[in-house]
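Here is the structure we will look at, set down as structure tokens.
The values are calculated or read from the model by the stated rules, or taken from the named source; none is laboratory data. These numbers were taken from a predicted model, which means no experiment stands behind them. Cβ: placed from backbone, ideal geometry, glycine included. Neighbour counts: every protein chain shown.
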Ligand SMILES: CC(C)(COP(=O)(O)OP(=O)(O)OC[C@H]1O[C@@H](n2cnc3c(N)ncnc32)[C@H](O)[C@@H]1OP(=O)(O)O)[C@@H](O)C(=O)NCCC(=O)NCCS
């Protein structure tokens, strides 16, 4: 599968993917286009629009702002390819590391990131509001470049 840079003209496509991945948190096309217009921010998608990643690279660091793969396209390596390619793009922009926040209950995403060498460096208590109204912790994960699949 091929992964490529997405343009802000494709924000509606990215928003449609996002809506299939996150039920509590809706990012519409305008919100995604605004983020993509922020300096240092870029989006990558797979050529079949099964998934996308939004990353900001600034000040020698990079952050995954969001990552999602539609349910029908999961477990085919799309997310892994998106994160690896995003790390290359961020490194080319001067970043030496990448970090992200992930819900501490999101076992699929945590397995993905740990398999790419990310390690837990912090925990934000009660960071997310779950559908049932309970608060859930966020883990802060970080990796130094280059990524090495473990
Ligand atoms: C997490 C998510 C991005 C993974 O996307 P994906 O394209 O299916 O992931 P990949 O196929 O690249 O998986 C790579 C590895 O991650 C791990 N993984 C992925 N999904 C998993 C699951 N449901 N359960 C356990 N491990 C999982 C596995 O180690 C997998 O390798 P394997 O398939 O060889 O076992 C996707 O499930 C998703 O969009 N979820 C909803 C949104 C979300 O949670 N985004 C991340 C927010 S930080």
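Structural remarks
- Filtering the stretch 84-91 for residues that are touching a helix residue (DSSP H, G or I) at 6+ places or on another chain (Cβ under 8 Å), under 20 Å from residue 42 (Cβ atoms) and either buried (at least 16 other Cβ atoms within 10 Å of the Cβ) or modelled with pLDDT of 95 or more (or both) leaves an empty set.
- From the options 96, 144, 111, 138, residue that is modelled with pLDDT of 95 or more and under 27 Å from residue 49 (Cα atoms): 111
- Residues that are surrounded by 14 or more Cβ atoms within 10 Å (Cβ to Cβ) and over 13 Å from the mean Cα position of the chain (by Cα) within the stretch 47-57 comprise 49, 50, listed in sequence order.
- Restricting 43, 72 to residues that are more than 11 Å from the ligand (Cβ to nearest atom) and either within 13 Å of the chain's Cα centre (by Cα) or over 14 Å from residue 99 (Cβ atoms) (or both) narrows the list to 43.
- Scanning the stretch 75-87 for residues being over 14 Å from the mean Cα position of the chain (by Cα) and on the phi < 0 side of the Ramachandran plot gives a total of 1.
- Residue 1 fulfils the conditions (1) part of a helix (DSSP H, G or I); (2) farther than 24 Å from residue 139 by Cβ; (3) within 16 Å of the ligand (Cβ to nearest atom) except for a single criterion, (1).
- Test: residue 95 is within 12 Å of the ligand (Cβ to nearest atom) and surrounded by 15 or more Cβ atoms within 10 Å (Cβ to Cβ): no
- Unique match (being within 16 Å of the ligand (Cβ to nearest atom), surrounded by 16 or more Cβ atoms within 10 Å (Cβ to Cβ) and in contact (Cβ under 8 Å) with a residue 60 or more places away in the chain) among 17, 78, 64: 78
- Every residue from the stretch 48-61 that is in contact with a helix residue (DSSP H, G or I) (Cβ under 9 Å, 6 or more places away or on another chain) and either over 20 Å from residue 139 (Cβ atoms) or within 8 Å of the ligand (Cβ to nearest atom) (or both): 48, 49, 50, 51, 52, 57
- Subset of the stretch 129-150 (residues that are touching a residue at least 60 places away in the same chain (Cβ under 8 Å) and either within 14 Å of the chain's Cα centre (by Cα) or part of a strand (DSSP E or B) (or both)): 129
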